Amino acid sequence: MILAFDIGGSRIRAALRQGEQIRPLGEVPTPARDAGAFAEALAGFLRPGLHGVALSVPGVIDPETGRGKVANIPAIDGADLRETLERRLGLPVLALNDADCFALAEAASGAGRGHRVVFGVILGSGIGGGLVIDGRIVSGAGGLTGEWGHGPVLRAPYDLPCPCGQRGCVETIGSARGLERLHLLESGAALTAPQISAAWAAGDARACATIGLWRDLVSGPLAMVVNVLGPSVMPVGGGLSKAPGLIAFLDQALRARILRRHDSPLLVPAICGPDAGLLGAAQDA
């Protein structure tokens, strides 16, 4: 039996994997600023017969050191999660990036099932990704594999400053917050991402111009991901994936820009839903 956790900035969700079955165990508030309370929150779900613990964490986990960069949960930011939690829980602990867990869940039982190379794409308040080959997460140096949203790829006037410290990252205009920023820059109107996508679907000229520009700026970096890694499917999660027609619209531009002809969609909506983190963490444990 594996105890799996989906660690969020405000809530911790827990589930038990026994064989192929996943059983939800409930959730508790995340003690975001108290490392001791954080460990105790996880310990509250312990039960006899467990073989290990797996965590889906909203940050980068270095596979060599076990240390995490988790900006929105100071209690575990910079901590060696493996050592700290194994000492408290008395069980082997595996900590994984949440985008990696998402990609693994989709590869194992979601939109990527049956595909050898799967690249999971997160288009939410931020941009992320995870690479799965032959059913296993690919975790490179520092645990940074899949971070296609960062790197100075955009030029003026779209080379906006990014929280990572660089300028011109795709995240600055490709995420939900980025789409809002882009619309404000292009039209002068301050709208939320759902409002922009709804206006686009309704044929609003300014929203259509913004979404068209967004597609152009995002599809190029995604095409590079396809050309370098060769995924045959790219499940998409996050808030923007829920906008009707938006992922299909982006997919059309993506497939026009890659080297290999691909007649069926590459970008497809994810299907594992909010349980993807739990499913992925439990799957890899």
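Within the chain, what's the longest run with no GluC sites (Glu not before Pro) in a DSSP loop and at most 14 other beta-carbon atoms within 10 Å? Give the range, please. Between exposed loop sites, the widest span is 65-285. For the chain, the solvent-accessible area with a 1.4 angstrom probe is 45 square angstrom per residue.
Measuring nothing but alpha carbons in the stretch 5-88 and taking Rh as the Kirkwood radius, the Rg to Rh ratio lands at 0.95. The label-point distance for Val228 and Arg116, in a model that sets each label 7 Å from Cα toward Cβ, rounds to 2.1 nm. Given a Förster distance of 35 Å, report the FRET efficiency between Arg136 and Arg261 from their Cβ-Cβ distance, rounded to the nearest 0.05. It comes to 0.80.
Projected label points at Val28 and Glu86, each 7 Å from Cα along the beta carbon direction, are separated by 2.2 nanometres. Scaled to the globular estimate 2.2 N^0.38 Å, the Cα spread of the stretch 209-259, given as radius of gyration, is 1.11.
Here the mean projected area of the convex hull built on the C-alpha positions of the stretch 141-226 is 6.1 nm².
Taking a point 7 Å from the Cα of Ala209 along the Cα-to-Cβ direction, the residues of the stretch 152-194 with backbone N closer than 13 Å to it are 183-189. Equivalent-ellipsoid semi-axes for the stretch 42-94 (Cα gyration tensor, √(5λ), whole Å, largest first): 20, 12, 9.
Cα-based values for the stretch 178-285, radius of gyration first and Dmax second, are 15.4, 49 Å.
Taking only protein heavy atoms and a 1.4 Å probe, the accessible area of the chain is 54% carbon and sulfur. Restricting the calculation to Cα atoms, every distinct pair contributes to the Kirkwood radius of the stretch 63-195, found to be 16.7 Å. Sorted largest first, the principal axis extents computed over the alpha-carbon atoms of the chain equal 59, 39, 34 Å.
Note on the stretch 114-170: Rg/Rh from Cα positions, Kirkwood definition for Rh, rounded to two decimals, is 1.07.
The values are calculated or read from the model by the stated rules, or taken from the named source; none is laboratory data. Keep in mind that what you see is a predicted model, and the values were worked out from it rather than measured. Neighbour counts are summed over all protein chains in view; Cβ atoms, including those assigned to glycine, are modelled from backbone coordinates with ideal geometry. In case anyone asks, the SASA skips ligands and DNA or RNA and just uses the protein heavy atoms, side chains included. Shrake-Rupley method; radii C 1.70, N 1.55, O 1.52, S 1.80 Å.
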